[in-house]
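Worksheet for the structure shown next.
The values are calculated or read from the model by the stated rules, or taken from the named source; none is laboratory data. Remember, predicted model here, so these are calculated numbers, not experimental data. Cβ placement follows ideal geometry from the backbone for every residue including glycine, while neighbour counts extend to all protein chains displayed. Only protein heavy atoms, including side chains, enter the accessible area calculation; ligands, DNA and RNA are left aside. Shrake-Rupley method; radii C 1.70, N 1.55, O 1.52, S 1.80 Å.
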Amino acid sequence: MSESFQFQLKKTDGGARLGEVSMPRGTIRTPAFMPVGTVGTVKAMYLDQVRETGADIILGNTYHLMLRPTAERVARLGGLHQLIRWPHPILTDSGGFQVMSLSGLRKLDEQGVTFKSHVDGSLHHMSPERSIEIQGLLDSDIQMQLDECVALPATPKDIERAMEMSLRWAERCKVAFGNQPGKAMFGIVQGGDVPELRVRSAQALSSMDLKGYAVGGLAVGEPQEVMLRMLEITLPELPREKPRYLMGVGTPDDILKSVARGIDMFDCVMPTRSGRHGLAFTRRGKVNIRNARHAEDMRPLDEQSSCPASRDYSRAYLHHLVRANEALGGMLLSWHNLAYYQELMQGIRQAIAEGRFADFMAETQENWARGDL
Ligand SMILES: CNc1nc2c(CCNCC3CCCCC3)c3nc(N)[nH]c(=O)c3cc2[nH]1
């Protein structure tokens, strides 16, 4: 393991990139899918299982952990890795996005965000400095700047205001983060669906010489083609030799198309959240296991999978568990979906390594379109 944070761009195939992030706690093979943890767990999963599916890194949940049990308590308990027994890299978001989407936002100004806890109604203020302090108390390996993500549609004026404030917050986060060799602080490109704002944000962040760059402000309700267009406008403005992280994305189709445009890292609640609701992602497309057609289908979701949830349990049993709202139903489908996402990422990495990503993408999409047997 390297004592510092290093990204190695190993190969490109069209716009797709094969790489590796090396950190003291481990190596992240990119393109990478990062399962989302919530309050110190990936919902309904043991972290050993998450590791078994092939995850090199998971997301911690700054917003929830700062409210309960508090970042200070996590630090007193030895940091997040020790608490949840995940010794590999952890990325944490700054918490700003979740404040906007989860809590009763009270105020947002140059100083930061003021909000009421959804846990006990207490008032909290999070500045760029406090967000970095919280992520440091969690002992997070990759920390995100505090930013303002505006929901689309929005006026160009409001998008510009939020983008410019996020740039000032990036500077403040960079100062607050200081120099932590084995860790990284990523900037977040904003700019909504306005090309010239995206370019300005990406260029300004690039000049800050950060260790990695996230593309934010997307997957907030815009059509897929708008998201992809913004990637085509933004990514050329970011340094080639640094990792790019598309926040909150996405479906398997979103991931394929974003890898094709130069994204290295993804996070999304989709596999676990939809798994809990009975939706399975498979190589033959989506399968809604609640559907009556599975009630007596003794086949597994995917007999070729190395994941027990995909290989050893019949659809009939999964159908029954989900219909009965049994916890095991959500557990097995979350496990299957995470395994499927990691299998997709492994296939992507292999295809780029062999210079056949375009074919892999076309074949994968054809198989999805063929639909379930
Ligand atoms: C789903 N779409 C989407 N997500 C976005 C997110 C959140 C990414 N996921 C974080 C995890 C969520 C579950 C708990 C743990 C953290 C965004 N985050 C930030 N900071 N800025 C965005 O523009 C930003 C934009 C996003 N768009």
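Shape class for the range 1-159, computed from the alpha carbon gyration tensor (a ≥ b ≥ c): oblate, with a/c not under 1.5 and a/b at or below b/c. Applying both filters, DSSP loop and at most 16 other Cβ atoms within 10 Å, to the trypsin sites (Lys or Arg not before Pro) of the range 39-111 gives R85. Applying the criteria of a DSSP loop state and at most 13 other Cβ atoms within 10 Å to the GluC sites (Glu not before Pro) of the range 1-106 yields E3.
Only protein atoms count toward the accessible area here, which uses a 1.4 Å probe; on the range 38-78, the carbon and sulfur part of that area reaches 50 percent. A 1.4 Å probe run over the protein chains yields, for the chain, 41 Å² of accessible area per residue, whole-number rounding.
Sequence-ordered 3J(HN,Hα) estimates for the range 184-197 from the Karplus curve with 6.51, -1.76 and 1.60 and θ = phi - 60° stand at 9, 10, 9, x, 10, 6, 10, x, x, 10, 10, x, 5, 6 Hz, glycine and proline given as x. Legend: Rg and Dmax of the range 211-328, from Cα coordinates, 17.8, 53 Å. Note: relative contact order over the range 263-336, using C-alpha pairs below 8 Å and six or more positions apart, is 35 percent. Select from the range 226-322 those trypsin sites (Lys or Arg not before Pro) which occupy a DSSP coil region and have at most 16 other Cβ atoms within 10 Å, ordered by residue number. Loop-located and lightly packed - R240, R284, R290. A simple rule links phi to the HN-Hα coupling: the Karplus curve 6.51 cos²θ - 1.76 cosθ + 1.60 with θ = phi - 60°, which for the range 284-292 gives 10, x, 7, 10, 8, 5, 6, 4, 4 Hz, with x for Gly and Pro. Here the calculated FRET efficiency for A151 and R293, from their Cβ-Cβ distance with R0 = 30 Å, stands at 0.20, rounded to the nearest 0.05.
Shape class for the range 145-266: oblate, because the ratio a/c of the largest to smallest gyration tensor axis (alpha-carbon atoms, square roots of eigenvalues) is 1.5 or more and b/c is at least a/b.
Charged neighbours of S305, selected by a Cβ distance under 14 Å, balance to 0 (K, R count +1; D, E count -1). Need one word for the range 109-191: rounded, prolate or oblate. Basis is the Cα gyration tensor (sqrt eigenvalues a ≥ b ≥ c); a/c below 1.5 gives rounded, then a/b vs b/c decides. Here the range 109-191 falls in the oblate category. Shown here is the pair-distance distribution of the chain: with all Cα-Cα distances grouped in 10 Å bins from zero up to the longest one, the shares run 5, 24, 33, 26, 11, 1 percent.
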